[in-house]
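FYI, it's all coordinate maths here, none of it is from the lab. None of these values were measured; they are calculated from a predicted model. FYI the Cβ positions are ideal-geometry reconstructions off the backbone, even for glycines, and counts take in every protein chain you see.
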Amino acid sequence: MHLRNSKFDPAIAKARATKYRRRILDMSQHVSALHIAGAYSCTELVDAIYNEFMRPDPGGGKSPDTFLISKGHGCMIQYVILEDHGILSKKDLDEYCTPQGILGTHPDYGNPGIEASTGSLGHGLSMVVGMALAERGSKRDGVIYTVLSDGEVQEGSTWEAILMASSLKLGNIVAFIDNNDFQSLGRTSETHPSFYPLTDKFVAFGWETVEVDGHDPKAIYEAVKNRSGTRPFMVVAKTTKGKGVSYMENVPMWHYRSPNKAEYAQAVAELEAQT
Amino acid sequence: MRNTFSEALYEEATKNSDIYLVVADISPAGSMAKFTTQYPERFINVGVAEQSMIGIAAGLALKGKQPFAYTIATFSLYRPFEMVRDDLGYQNLPVTVVGMGAGIIYSTLGGTHHTQEDIAIAGAIPNMQIVAPCDPTECTDATRWCARQKNGPVYLRIGKAGEPILTQTAEPWEFGKIRYLRRGTDVCILTFGVITRMAAQVADELTKQGKSVSLVSVHTMKPIDRVGIAKALASHKQVIVIEEHAPQGGLAAHTKQIAWDTKATCRLDTFSLQDAFIHNYGSWEDLLDAHGISVKKILAKVA
């Protein structure tokens, strides 16, 4: 597969993930609430998409590849990476969720670097299928990357898209499931035990599917690098909601809350200890 | 209308490789065979999966394509409503959602196959445009326009088969403008969609009674031609609205709003479907009659 990075460096990937988590943490101090834990659970996934997979345009324009974050509430990680790439500005992020700003809690199509409006779950994958069809129809080799939450795989509409992507043999789709095992009312494995094993379901629907540790950048990189490209590719990524800050990990209230000053200080100390 | 839709779409597709047709296990007849044979990569059948029909059309449009999503009206608009609202309306994408067999054309299939409130529902979505042609020729004009426009989403409300041609002597079709199929001075009938055939019969009868009658196709239901309707209200002694739609959010409601806003003084009679599901069967005319809409009943009330 043609990827942005032909050579993977685990130390650089780890440093980036910590930097992005820290930037999100700083943003959290300007707002009363944000989806911090859901962004932390997919930090390594979205980092890999932008910094390892999506190819730069030789002319300096848009990448020939596309990223659509289907779990729109995780877009904080997208925002900080877009800032890192110079597509969003510091001002854009500083004005997050303010009347003068352009960025909200869910990604809005039309903002720099945002390829679709998501936030309502179960919409992203069908749009990904349409984008992948358009790439094929235009005889372009663009790959469409997406990240879904595990909760949104419960949406019937997601399965409509899963069925179509493999029926159409859309080998230009690479999807990740941020399988952090949490949704609003509890652990998915407890509320919906029949949901598992997830991987078998995608295999049954004709997707090339792998399971990885969603916080292991090397595993993510290797999985995508070695995909066949003949069918849509699903990475079931085992993740931890709130990954990186001990008191947030697997604690539901951090789905949508900002740390107070003391919590912020502790989180900063923990993240710095990881670098 | 299905056939002229597919013929017009095929012609546009031969000229524009960005035109895609996404269907949900229902395909227009006529020229669609040519479309699917010549452009198989641009004909996507998602199966009985209307949410993905809209989402896939949105994804195509996000990459610069000009997609049409096509199935029976209830399934193209109601089932995937949130996809129509978010993916198409919120993102303002030039996707045409074709509602075929709209209104109560599927008269023996029961309420699950009726769209009595589709104009109200589609019309409530910001950015959505609504076009409801009155005959196969107008359907051709509307389809061509949908294939070329880049404003945003369109709900194209069409009939099924066998609609008579009503526009032979009409002025040219123009998006957003009401269209006089006949011009008179006493009575003006405002209508849209398939029921225009019944409105034409009412116009014929009123003409026989010695009245000078205008018959107007309000084919663009959003944005509605407020200026054109205001002029019709001001220039006729009597205005009659006939629609195959619930009283809320349709042509009757719009016309009353415009009449109020412009202090119209004409007599105004409106004929809409009732705010009630239809549990009886029979022909299209039988169902309309059950809701008080027939040539005879209209004539009795407007006399």
Once amide H atoms are placed 1.01 Å from N in the peptide plane, what residues at a sequence separation of 5 or more from A:E208, or on another chain, have their amide H within under 5 Å of its amide H? A:M234
Would you work out the Kirkwood radius for the range B:1-155? I mean one over the mean of 1/r across all pairs of different Cα atoms, in Å. 15.1
Taking only the Cα positions of the protein assembly as shown, the convex hull volume per residue in Å³ is 161
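With +1 on the Cβ of every Lys and Arg and -1 on the Cβ of every Asp and Glu, and nothing else charged, how large is the dipole of chain B about its Cα centre, in debye rounded to the nearest 20? Could the numbers behind the result be given before it?
Working: 30 positive and 30 negative charges, 155 e Å.
The calculated dipole for chain B is roughly 740 debye.
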Could you work out how far apart the two model spin labels at B:S283 and A:D94 are, taking each label as a point 7 Å from the Cα in the direction of the beta carbon, and quote it in nm? 7.3
Taking chain B as the reference, fit the longest principal axis to its C-alpha atoms, fit the long axis of helix B:196-208 to the helix C-alpha atoms, and give the angle between the two in degrees, 0 to 90, nearest 10. 20
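Given R₀ = 41 Å, FRET efficiency for B:K256-B:D25 by Cβ-Cβ distance, to 0.05?
Plugging the Cβ-Cβ distance into 1/(1 + (r/R0)^6) gives 0.55.
Determine the alpha carbon to alpha carbon distance for each of A:K19/A:K139; B:K177/B:K263; A:K91/A:K238; A:K71/A:K225; B:K177/B:K211 and list only those over 29 Å. List each step's numbers first, then the result.
Numbers: A:K19/A:K139 37 Å; B:K177/B:K263 21 Å; A:K91/A:K238 34 Å; A:K71/A:K225 23 Å; B:K177/B:K211 25 Å.
Listed pairs above 29 Å: A:K19/A:K139; A:K91/A:K238.
What ranking, highest mean first, results for peptides B:259-266, B:152-159 when packing means the other Cβ atoms within 10 Å averaged over each residue?
On the way: B:259-266: 13.1, B:152-159: 27.2.
Ranking the peptides B:259-266, B:152-159 by packing returns B:152-159, B:259-266.
At a 10 angstrom cut-off on C-beta neighbours, averaged per residue, how do the peptides A:237-249, B:83-95 rank from highest to lowest?
On the way: A:237-249: 20.9, B:83-95: 23.9.
The peptides rank, most packed first, as B:83-95, A:237-249.
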Rounded, prolate or oblate: which fits the range B:159-253 when a ≥ b ≥ c are the square roots of the eigenvalues of the alpha-carbon gyration tensor, with rounded for a/c under 1.5 and prolate only if a/b beats b/c? rounded
What the 20 Å binned alpha carbon P(r) of chain B shows, as percent of pairs per bin from 0, is 36, 56, 8
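Where in chain A are the helices, taken as whole DSSP H runs, whose Cα atoms extend 15 angstrom or more along the long axis and whose Kyte-Doolittle mean reaches at least 0.0? If you can, show how the numbers build up before the last one.
Numbers: long enough: A:10-28 (27 Å, -0.62); A:124-137 (20 Å, 0.96); A:156-167 (17 Å, 0.49); A:261-273 (18 Å, -0.17).
Going by DSSP H runs, the hits are A:124-137, A:156-167.
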Taking the Cα centre of the range A:45-241 as origin and charging only Cβ (+1 Lys, Arg; -1 Asp, Glu), how large is the dipole, in debye to the nearest 20? 520
Reduced to Cα centres, the span from the range A:89-131 to the range B:244-299 in Å works out to 42
Kindly put A:E190, A:E152 in sequence by how many other C-beta atoms sit within 10 Å of each C-beta, fewest to most. A:E190, A:E152
How far is helix B:50-62 tilted, in degrees, relative to the longest principal axis of the Cα atoms in chain B, given as a value from 0 to 90 rounded to the nearest 10? 70
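Can you figure out the FRET efficiency of A:R55 with A:A11, using R₀ = 30 Å and their beta-carbon distance, to the nearest 0.05?
Numbers: r = 22 Å, r/R0 = 0.75.
Working from the Cβ atoms, E equals 0.85.
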Whole-Å distance linking the alpha carbon centroid of the range A:215-247 with that of the range B:35-50 is 33
Helix B:251-261 sits off the longest principal axis of the Cα atoms of chain B, rounded to the nearest 10 on a 0 to 90 degree scale, by 60
